[in-house]
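What follows is calculated from the coordinates using simple rules that are stated; it is not laboratory data. The model shown is predicted, which means the values in this text are computed figures rather than measured ones. Note: ideal-geometry Cβ built from the backbone for every residue, glycine included; neighbour counts use all protein chains shown.
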């Protein structure tokens with residue numbers, strides 16, 4: 001059954017997980033955390049040469065309540081780490097993080113006491129972008145990797161007593177595992 005038969009039958013079947021993940025992966029709204037020089041390369045991705053809007057991510061908001069992917073670009077100090085984490089906590093679920101550049105990923109060339117040696121020490125990171133500074137193509141590649149990750153996620157579940165129950169592949173609800 002291809003899309004050609006959709007014109008005659010008027011319906012098609014799919015899993016709800018697939019539809020939700022398709023919508024999520026094609027409309028990621030970044031929260032740009034441009035802390036230092038990597039931010040210039042992040043800004044270049046929105047220009048006409050690299051055109052991040054091809055991936056549905058041109059809506060860069062500077063309010064965490066409207067974003068679902070945080071791009072941390074640059075050197076993070078311990079003083080700034082508290083701010084970055086607070087903004088991350090204000091983002092609604094589901095949320096993802098891209099660590100852009102050597103400084104955000106590992107502290108870069110700054111092996112000193114005020115610099116965090118990788119943002120994965122205080123928040124979960126989904127994709128790391130290499131480079132100092134990373135090229136805009138690297139950020140677009142990270143966005144594509146994040147889209148692949150989102151496409152494979154399991155999204156449907158029921159809330160019972162504040163816990164999420166994942167529905168098994170067979171559709172049966174018996175023996176469903178609970179997790180927070």
Per-bin percent of Cα-Cα distances, the range 10-153 [5 Å]: 2, 10, 20, 23, 20, 12, 7, 3, 2, 1, 0, 0, 0
Overall form of the range 24-66 per C-alpha gyration tensor (a/c, 1.5; a/b vs b/c): oblate
Inter-site label distance for residue 130 and residue 20 at 7 Å from Cα along Cβ, in nm: 3.5 nm
Bridge type composition, the range 10-153 - antiparallel percent by DSSP, nearest 5: 5 percent
Bins of 5 Å, starting at 0 and running to the largest distance - Cα pair percent for the range 35-110: 3, 15, 22, 26, 20, 11, 3, 0
